[in-house]
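Quick notes on the structure that follows.
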Amino acid sequence: LESLLLDIPTAWALNNEGKDTFSPFDVVGHLIHGEMTDWVARMEIILSDKVDKTFQSYDRFAQFNDSEGKTLNQLLAEFKTLRKKNLEILQSKNLQDNDLLKTGIHPSFGAVTLLQLLSTWSVHDLSHIAQITRVMCKQYKEEVGPWINYLPILTR
């Protein structure tokens, strides 16, 4: 994320694909919110001895309030710190195969395994990196001229 976004112009940081879509700034804020309230928090519930392993609902749009007044560079630094901490927590669990089969209760999906949660965490991140690059590519949609025919990222 730093390689893609550190010190980019504000217009690039805030541009999106239209109504109800995320800009790169929004995506980083969204990832921060997930680091604080989703992946590790839910892993802890799954691995706990609690009887009730129901997850709290996740606010996919919390970043719109949480990121207010911050710069993209500040968000990138915050994300880096939170992710480092969360990866240290994950590694400290020394997870075994049987741990990956333990379950928690998602508010919409019902029972989910730790393997599914951790896999989703990875795919979630990669999909948002793809989203960021797609939004940035579209900044040049008109400028590429006839090469647009060879750049499906601009037309999908």
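State which residue pairs qualify: first residue more than 23 Å from Thr10 (Cα to Cα) and inside the stretch 24-50, second residue assigned to a helix (DSSP H, G or I) and modelled with pLDDT under 95 in any location, beta carbons under 9 Å apart, and separation of 6 or more residues or different chains. Pairs that qualify, where the first residue is more than 23 Å from Thr10 (Cα to Cα) and the partner is assigned to a helix (DSSP H, G or I) and modelled with pLDDT under 95, are Met36/Asp66.
Cβ separations smaller than 8 Å between residues 6+ apart or across chains give the following pairs from the stretch 92-108 residues that are touching a residue at least 12 places away in the same chain (Cβ under 8 Å) to residues that are aliphatic (A, V, I, L, M) and not in a helix (DSSP H, G or I): Thr103/Ala111; Thr103/Val112; Gly104/Ala111; Gly104/Val112; Ile105/Ala111; Ile105/Val112; His106/Val112.
Entry remark, the stretch 77-112: residues being over 14 Å from the mean Cα position of the chain (by Cα) and open to solvent by less than 30 Å² (accessible area, probe 1.4 Å) number 4 in total. For the stretch 82-109, filtering for residues that are among the small types (Gly, Ala, Ser) and either touching a helix residue (DSSP H, G or I) at 6+ places or on another chain (Cβ under 6 Å) or farther than 19 Å from Lys53 by Cα (or both) leaves 2.
Per the listing Lys141, Lys84, Lys80, Lys93, the residue uniquely basic (Lys, Arg) and at pLDDT below 95 is Lys141. Counting only residues that are free of Cβ contacts under 8 Å to residues at least 60 places away in the same chain and either open to solvent by less than 70 Å² (accessible area, probe 1.4 Å) or under 30 Å from Phe55 (Cβ atoms) (or both), how many does the stretch 114-156 have? So the answer is 17. For Ala41, the test of being closer than 30 Å to Gln139 by Cα and aliphatic (A, V, I, L, M) is failed.
The values are calculated or read from the model by the stated rules, or taken from the named source; none is laboratory data. Everything quoted here is computed from the prediction, not taken from an experiment. Here the Cβ is made from the backbone with ideal geometry for all residues, glycine too, and neighbour counts use every protein chain on show. These area figures cover heavy atoms from the full protein model, side chains too; ligands, DNA and RNA do not enter into them. Shrake-Rupley method; radii C 1.70, N 1.55, O 1.52, S 1.80 Å.
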